[in-house]
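Chemist: Just passing along the structure, written as structure tokens.
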Amino acid sequence: MSEETIFSRILRGEIDCDEIYSDEMCLAFRDIQPQAPVHILVIPRKAIPSLREAEIQDESLLGHLLLVSAKIAKLEGLNHWRTVINSGSEAGQTVFHLHIHVIGGRKLNWPPG
Ligand code: DGP
């Protein structure tokens, strides 16, 4: 059982978002605190708290999220980008509804902080 998050409220339309893409499995919208010129979040409609809680039955959903991430990056005109999934607060996760960050539009350094 996962806890209610701000992303559940966005999925229900209770909080506005700058929507980029939507289908039966996921929603994508611009991050409210962008870290780069393009910063989009791809979230499943299913409320999985983080990748730690993902299970084998989520396999096709996780693949779908990655493919949607790449489709969106290309639609945004990106030739290179970074996809990030933070798992756990020490890794930088603040919203406990699994999400993929799609970040691009500038040079991205490695290693990350
Ligand atoms: P993370 O730190 O990996 O859990 O990423 C959560 C991201 O969610 C963070 O970059 C900010 C973004 N965020 C938090 N609340 C909202 C919101 O209400 N709307 C939008 N568009 N983004 C949000």
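The values are calculated or read from the model by the stated rules, or taken from the named source; none is laboratory data. What you are looking at is a predicted structure, and each value in this text was computed from that prediction instead of being measured. In this analysis, Cβ positions are derived from the backbone assuming ideal geometry, glycine residues included, and neighbour counts consider all displayed protein chains. With ligands, DNA and RNA removed, areas are computed over all heavy atoms of the protein, side chains included. Shrake-Rupley method; radii C 1.70, N 1.55, O 1.52, S 1.80 Å.
Chemist: Given C-alpha coordinates of segment 4-46, what is the ratio Rg to Rh with the Kirkwood estimate of Rh?
Modeler: Details: Rg = 10.1 Å, Rh = 10.7 Å.
On the Cα set of segment 4-46, Rg over Rh gives 0.95.
Chemist: Related question: Going 7 Å from the Cα of Gln57 in the Cα-to-Cβ direction, what parts of segment 1-41 have a backbone nitrogen less than 15 Å from that spot?
Modeler: 1-2, by backbone N distance to the label point.
Chemist: Once the Cα atoms of helix 59-75 and of the chain are each reduced to a long axis, what angle between those two axes, in degrees from 0 to 90 to the nearest 10, is obtained?
Modeler: 30 degrees
Chemist: Ordering Arg82, Arg52, Arg30, Arg12 by how much accessible area each has at a 1.4 Å probe, largest first, what is the list? Intermediate results must be reported in sequence, preceding the final value.
Modeler: Working: Arg82 55, Arg52 155, Arg30 85, Arg12 130 Å².
Solvent-accessible surface, decreasing: Arg52, Arg12, Arg30, Arg82.
Chemist: Trp81 accessible area, nearest 10 Å², 1.4 Å probe?
Modeler: Trp81 has an accessible surface of roughly 80 Å² with all protein chains in place.
Chemist: To the nearest 10 square angstrom, how much accessible area does Asp16 have with a 1.4 angstrom probe?
Modeler: Ignoring ligands and nucleic acids, Asp16 comes out at about 140 Å².
Chemist: Could you put Thr94, Thr83 in order of accessible surface area, largest first, with the 1.4 Å probe and the full protein assembly present?
Modeler: Working: Thr94 120, Thr83 65 Å².
Highest to lowest solvent-accessible surface, that is Thr94, Thr83.
Chemist: Can I ask one more? I'd like the Karplus ³J(HN,Hα) series for segment 93-104: coefficients 6.51, -1.76, 1.60, θ = phi - 60°, whole numbers in Hz, and an x wherever there's a Gly or Pro.
Modeler: Values, residue by residue: 6, 10, 10, 8, 9, 2, 8, 9, 7, 10, 10, x Hz.
Chemist: What whole-number value in Å² describes the accessible area per residue of the chain for a 1.4 Å probe?
Modeler: Values: 6980 Å² over 113 residues.
Roughly 62 Å² per residue, with all protein chains present.
Chemist: What accessible surface, in Å², does a 1.4 Å probe find on Cys17, ignoring ligands, DNA and RNA and rounding to the nearest 10?
Modeler: Surface open to solvent at Cys17 totals about 50 Å².
Chemist: What does the charge dipole of segment 1-40 about its Cα centre add up to, to the nearest 20 debye, if the Cβ of each Lys and Arg holds +1 and the Cβ of each Asp and Glu holds -1? Kindly include the intermediate steps, with their values, before the conclusion.
Modeler: Numbers: 3 positive and 9 negative charges, 21 e Å.
Rounded to the nearest 20 debye, it is 100 debye.
Chemist: What number, rounded to the nearest 500 deg cm²/dmol, is the helix-based mean residue ellipticity at 222 nm of the chain, given -39500 (n - 2.57) per DSSP H run of at least four residues and division by all its residues? Please list the in-between numbers first.
Modeler: On the way: 2 runs with 23 residues, N = 113.
Helix-only estimate at 222 nm: -6000 deg cm²/dmol.
Chemist: At 7 Å along the Cα-to-beta-carbon direction for both Ile15 and Lys71, put a label point, then send me their distance in nm to one decimal.
Modeler: Result: 2.5 nm between the two label points.
Chemist: Using the Cα centre as the reference, give the magnitude of the dipole from point charges on the C-beta atoms of the chain (Lys, Arg: +1; Asp, Glu: -1; all else neutral), rounded to the nearest 20 debye.
Modeler: 500 debye
Chemist: Using a 1.4 Å probe on the protein chains only, how many percent of the accessible area of the chain belongs to carbon and sulfur? Spell out each step's value before the answer.
Modeler: Values: 3680 of 6980 Å².
Taking all protein chains in place, the chain shows 53 percent carbon and sulfur surface.
Chemist: Right, another one. Please name which of Ile56, His80, Leu41 has its Cα lying farthest along the dipole of segment 38-90 towards the positive end, using unit charges on Cβ (Lys, Arg +1; Asp, Glu -1) and the Cα centre as origin.
Modeler: Checked the options; the winner is His80.
Chemist: Provide Rg and Dmax in Å for the chain, with only Cα atoms included in the calculation.
Modeler: When restricted to the Cα atoms of the chain, Rg and Dmax are 13.5, 39 Å.
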